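Here's the structure, in structure tokens; my notes come after.
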Amino acid sequence: MCLAIPARVVALPEPQTALIDVGGVRKRVSLALVDGVLPGDYVIVHVGYALTRLDPEEAARTLATFAAAGLADVPVTEAAQ
Amino acid sequence: MRYIDEFRDGALARRLAAAIAREASPARTYHLMEFCGGHTHALSRYGLKDLLPANVQMIHGPGCPVCVLPIGRIDSAIALAARPGLILTTYADTMRVPASKGLSLLKAKARGADIRMVYSSADALRIARENPGREVVFFAIGFETTTPPTAVAITEASAGQLSNFSVFCNHVLTPAAIANILESPEVRELGTVPLDGFIGPAHVSTVIGSQPYEYFAEEYQRPVVIAGFEPLDVMQAILMLIRQLNEGRAEVENEFTRAVTREGNAKAKSLVAEVFELRRSFEWRGLGEVPYSALCIKEKYRAFDAEARYGLEYCAVADNKACECGAILRGVKKPTDCKVFGTVCTPENPIGSCMVSSEGACAAHYTYGRFKDVPVVARVAA
Amino acid sequence: MSGVLPDYVRPVDFKHGRVDMTHGSGGRAMAQLIDELFLRAFDNEWLRAGNDSARFAVPAGRMVIATDSHVVSPLFFPGGDIGCLSVHGTINDVAMSGAAPLYLAATFVLEEGFPLSDLKRIVASMASASRAAGVPVVTGDTKVVEQGKGDGVFITTTGIGIVPEGVDIAGDHARPGDAIIISGTLGDHGVAIMSQRENLSFETAIESDTAALHGLVAAMVAAVPRIHCLRDPTRGGLATTLNEIARQSRCGMLVRERELPVKPQVSAACEFLGLDPLYVANEGKLVAIASAGDAAPLLAAMRAHPLGREAVIIGEVIEDPHHFVQMDTSFGGRRNVDWLTGEQLPRIC
């Protein structure tokens, strides 16, 4: 449910509006639901509205968790990739 | 795409799969429900089942707002669209849901109703402003993720004194649905269908936070792990649930820390509280009447409530007798257990709610997983 | 003293004029429209002859005929318009049999009230596409319908061509073991169209890939005359085309998601809208199926051509009594790639 995607805020062209970029595609979305958004921030966008900011540190931490999973069990050949 | 591609990495997937295989105890089966339709879709689209051991079973929950929308509500939407001069705006998801008398919004459109697909509630407002002489109704559906955008539209309409705009509200609530599943007769009987743990919805949780799930973990003694939207998130959440179950814990854990906090989005929540209130009861397709599970528009904003404005009367319509959606939504049966699955009931011709949306359990299995049902295995030529 | 010349004929007002019922009536207004618009744009010996049909000699060989109607909305989109689309589309249909396209016919159904400036733009685009492809529009027809009974303009194009000796390409020729090759990136056209629709527009223009593929096909057939199948994945996308061929050839297919070429912007737009690039229309790409041994020379020939630079092998034909098209996901699992259900609509859920 709730197709939402992380998008980078490129600019704030009008009050309560952000110009966001995903993979080179740009769109305007409403900031009515999130305060204090700045260009360079990442937000989660759903049906034309930013729902929340994305925390880059937590994202990095989560990715590191994936990478650490099962490390002990990975066969030598695969780990060498 | 940043924060998307990294969470779909195949090499990391293999690592997580290895960890799951190692930590899942061969002595038991793990029955995990992913509540959210988006997670159902991710599981099917990426073929995640292939990466899980046989004793980790995923059960698809009712978290698909289109699937659980009763036929009677679509009938009301079609009736609205049939009113002369009225413009019905809707998310595209509802267009093909079959309603009574062989109709759907798509078919009603073909017969001349002015039904317009919009990407956002903001577009519906714009259409209302651009057509001051016509009544415009926004067909609002969705769980807690989609409710704040509707609230914004209503408050903006109110502030702008837009007199030709109203909302047909069908917003539903996640915790109520989870409670309904956990309290259903089959689940309460131990030994029928054990539901060991839940993968909590991703984007609903960005709004409501992780706190509302604490009640379920405590009351029903089942772990909940809130998972992000990407396949690696789902796999990590499965691993976390397995660990909780192995350790005898029943806590709420958050895998989606990059977007979900315990409190959620306070601004969005207060805006929703400003505009909406709880309905005493609401019919969910496949689940029947569920108390305090849906929202209606408050008295203060009644001018923007399409149900009040047009005197809509709801008529419940029963599902086809052969339809097993109720059992499937509660995790008691699988799509392939349904007699009409894949024959009478297909994505082209959906009989019940689980086939209606691409995230429904039956539609997902039909579209992505059907090749596993056939006894003959396709061989790659030498 | 009158400044008007004795043989003055008021020209068609292409700036502000609109189509009206007289343009389809067969009378003077229609003749003038044909003369000042269609003849002037397409300008060739057959149209200049002024007959209701075009006469030509055909080289010996097996002839191919294909026809297509074009009802695209919006009429103008990034990278093209209904005009060049109608020329490319039929040239491609002819080319998919391995044939060299020779001539085109074009019919127009115009809606009363349609701006002549738009019509002129469309016809100019068709003429340009036709000339660039070397395939003339030699005959045609025009009709006008009342306002409200047509979406501006509907164009139908029919094309004929000749299939070279030794070439036998058809949808039921795929065999287990064959390689499946795609000529370039997926989903460009469909996303360009959808992003122009009201309420779905992006600020980044993704361009349609509309193109005439007969040059690419000629190069392919010269390198590998025994190509088994060729098809352009238009409506319904690659998924539909593969399922069609699988059914016709009574076999299965296995493709690898990792190999599928998709532009990052198209991928991003699909994410926004909840679309799957596999089901999104293409108008300048083709799928080729050939025996495993022919795959390498075919790929080389494709990559040497400007319209095939990004050609890549995406999978194999396999034995499968159920004729499923399956895909190994980049994630590691396997799934069906099923037929398209209904129309691909954006989703929020």
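Amide H contacts under 5 Å for C:S97: none, restricted to partners 5 or more places along the chain or on a different chain, H placed in the peptide plane at 1.01 Å from N.
The gain in end-to-end length when the C:R258 to C:R226 segment is fully stretched comes to 8.8 nm, 0.36 nm per residue minus the alpha carbon separation.
Considering only DSSP states other than H, G, I, E and B, which trypsin sites (Lys or Arg not before Pro) in the range B:311-367 qualify as loop sites with at most 15 other Cβ atoms within 10 Å? Taking the range B:311-367 and a limit of 15 other Cβ atoms within 10 Å, the loop trypsin sites (Lys or Arg not before Pro) found are B:K321, B:K339. Ordering C:T241, C:T234, C:T107, B:T40 by the number of other Cβ atoms within 10 Å of each residue's own Cβ, fewest first, gives C:T107, C:T234, C:T241, B:T40. Backbone geometry of the range C:123-139 corresponds, through the Karplus equation with coefficients 6.51, -1.76 and 1.60 at θ = phi - 60°, to 3J(HN,Hα) couplings of 5, 4, 5, 4, 4, 5, 5, 5, 5, 4, 7, x, 10, x, 8, 9, 7 Hz, x marking Gly and Pro. Of the beta bridges DSSP finds with both residues in chain C, what % are antiparallel, to the nearest 5? If we restrict to bridges inside chain C, about 75 percent are antiparallel.
Which of C:I155, A:I5 has the fewest other C-beta atoms within 10 Å, and how do the rest follow up to the most? Please report the intermediate quantities before stating the final value.
On the way: C:I155 26, A:I5 20.
The fewest-first ordering by Cβ neighbours comes to A:I5, C:I155.
Overall, the ratio between the Cα radius of gyration of chain C and 2.2 N^0.38 Å, rounded to two decimals, is 1.09. Residues of chain C were split at every exposed loop site, defined as chymotrypsin sites (Phe, Trp or Tyr not before Pro) in a DSSP loop with at most 11 other C-beta atoms within 10 angstrom, and the longest piece left, sites excluded, is C:57-349.
For the range B:266-382, what Kirkwood radius comes out of the mean inverse Cα-Cα distance, in Å?
Details: mean 1/r = 0.0576 Å⁻¹.
After inverting the mean inverse Cα-Cα distance, the result is 17.4 Å.
Rounded, prolate or oblate: which fits the range A:5-79, taking a ≥ b ≥ c as square roots of the Cα gyration tensor eigenvalues, rounded meaning a/c under 1.5, else prolate when a/b beats b/c? Prolate, because a/c is 1.5 or more and a/b exceeds b/c.
With a ≥ b ≥ c the root eigenvalues of the C-alpha gyration tensor of the protein assembly as shown, is it rounded (a/c under 1.5), prolate (a/b larger than b/c) or oblate? Don't jump to the answer; show the numbers that get you there.
Working: a/c = 2.07, a/b = 1.37, b/c = 1.51.
Verdict is oblate for the protein assembly as shown.
For the range B:150-296, the convex hull drawn through the C-alpha positions has a volume of 135 cubic angstrom per residue. Between the amide H of B:E34 and those of B:I59, B:G61, B:I199, distances stay under 5 Å, these residues lying 5 or more places away or on another chain, with hydrogens modeled in the peptide plane.
Remark: C-alpha extents of the range C:1-154 on the principal axes read 63, 34, 26 Å, sorted largest to smallest. Taking all Cα pairs closer than 8 Å and separated by 6 or more residues, the relative contact order of chain C comes to 20 percent.
For the residue pairs A:K27/B:K269; B:K107/B:K321; B:K109/C:K15; A:K27/B:K101; B:K333/B:K372, alpha carbon separations beyond 29 Å are given by B:K109/C:K15; A:K27/B:K101.
How crowded by other chains is A:12-24, given as the mean number of beta carbons from other chains within 10 Å of each beta carbon? Intermediate results must be reported in sequence, preceding the final value.
Details: counts 0, 0, 0, 0, 1, 1, 0, 1, 2, 5, 13, 15, 11.
Averaged over the peptide's residues, the number is 4.
What is the sum of charges around B:V340, taking Lys and Arg as +1, Asp and Glu as -1, for the other residues whose C-beta is under 13 Å from the C-beta of B:V340? Before the final figure, lay out the partial values.
Values: positive: B:K321, B:K333, B:K339; negative: B:D319, B:E324, B:D337.
Once positives and negatives cancel, what remains is 0.
For chain B, what is the convex hull (Cα atoms) projected area averaged across all directions, in square nanometres? Don't skip to the end; give the middle numbers.
Details: hull surface 84.0 nm².
Reported value for the Cα convex hull: 21.0 nm².
Computed from backbone phi, the HN-Hα couplings of the range A:42-47 come to 10, 10, 8, 10, 9, 6 Hz, rounded to whole numbers (Karplus: 6.51 cos²θ - 1.76 cosθ + 1.60, θ = phi - 60°; Gly and Pro given as x). Partner lysines whose Cα lies under 27 Å from the Cα of C:K285, excluding those fewer than 8 positions away in the same chain, are identified as C:K263. Rounded, prolate or oblate: which fits the range B:325-372 when a ≥ b ≥ c are the square roots of the eigenvalues of the alpha-carbon gyration tensor, with rounded for a/c under 1.5 and prolate only if a/b beats b/c? Rounded, because the longest to shortest axis ratio a/c is under 1.5. Take each residue in B:259-265, count the other chain C-beta atoms within 10 Å of its C-beta, and the mean is 4. Stretching B:N349 away from B:E23 to a fully extended chain increases their span by 113.2 nm, per 0.36 nm per residue minus the current alpha-carbon distance. Given +1 at the Cβ of Lys and Arg, -1 at the Cβ of Asp and Glu and no other charges, the dipole of the range A:5-79 around its Cα centre is 340 debye to the nearest 20.
Panel order for C:V266, C:V167, B:V344, A:V45, by other beta carbons found within 10 Å of each beta carbon, from fewest to most: B:V344, C:V167, A:V45, C:V266. Near C:R18, the amide H atoms lying under 5 Å from its own belong to C:L116; only residues 5 or more places off or on other chains count, and H is placed 1.01 Å from N.
Every number in this text was worked out from the coordinates using simple rules, so none of it is lab data. Given the structure is predicted, the values throughout are model-derived calculations rather than measurements. Glycine gets a Cβ as well: all are built from the backbone with ideal geometry, and neighbour counts include every protein chain shown.
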